[in-house]
Amino acid sequence: MEIEYGAEVVDKNGKLLGKVDHLMHNTWTGEISKFVVRSKVLDKNLVISTQDLLEVTKTKVRLNISIDELS
């Protein structure tokens, strides 16, 4: 799973949260460990762990949590 900068991020119910704004890498492995979502819906930036991913494509990231669990 490779998360792309600018990909849309949706919750487990398909509600759009925002877009991937920044990727954080593990300093030892170089793998993406977290990413920042610029969310206009929640009016804040979200830091999401890769453990919260359900599905990733080149243009969309789907989380295994809902928007209610994030707020």
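We did not get these values from a lab; they are worked out from the coordinates using the rules stated. Fair warning: this is a prediction, and the values are worked out from it, not measured in the lab. In this analysis, Cβ positions are derived from the backbone assuming ideal geometry, glycine residues included, and neighbour counts consider all displayed protein chains.
A few comments on the model shown:
- Solvent-free Debye calculation, one equal scatterer per alpha-carbon of the chain: log10 I(q)/I(0) at 0.14, 0.20, 0.24 Å⁻¹ equals -0.36, -0.73, -1.06.
- Each Lys and Arg Cβ is given +1 and each Asp and Glu Cβ -1; about its Cα centre, the range 1-69 then shows a dipole of about 180 debye.
- The count of lysine pairs in the range 8-70 that are at least 8 places apart or cross chains, and whose C-alpha atoms lie under 13 Å apart, stands at 7.
- Ellipticity estimate at 222 nm from DSSP helix runs (n ≥ 4, -39,500 (n - 2.57)) divided over the chain, nearest 500: -1000 deg cm²/dmol
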